[in-house]
Amino acid sequence: MHALRHLFASEAIDEGVDVYILADLLGHEDPAFTLRRYVHRGTGAVEKARKAIGRRYRAAA
């Protein structure tokens, strides 16, 4: 069960689920705990962030 919970939380963070919402879903009082526990720098994470930021700037222009 723990591995499934960890997978769920890690995937949710990777997909951009708000950390406050995820912390509530997991029963954590402190969202910082959720971040420390489940955020991992994945392969391609920097490029994914660049693309997301680029989309925002293009949409605002």
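The values are calculated or read from the model by the stated rules, or taken from the named source; none is laboratory data. Note that the coordinates shown come from a computational prediction; the quantities given were computed from them, not determined experimentally. With ligands, DNA and RNA removed, areas are computed over all heavy atoms of the protein, side chains included. Shrake-Rupley method; radii C 1.70, N 1.55, O 1.52, S 1.80 Å.
Relative contact order of the chain, taken over Cα pairs closer than 8 Å and 6 or more residues apart, is 27 percent.
Taking the accessible area of the chain, probe 1.4 Å, and keeping the other protein chains in place, the carbon and sulfur fraction comes to 58%.
Across all Cα atoms of the chain, the radius of gyration (one decimal) and Dmax (whole number) stand at 13.5, 46 Å. Excluding ligands, DNA and RNA, the accessible surface per residue across the chain is 83 Å² with a 1.4 Å probe.
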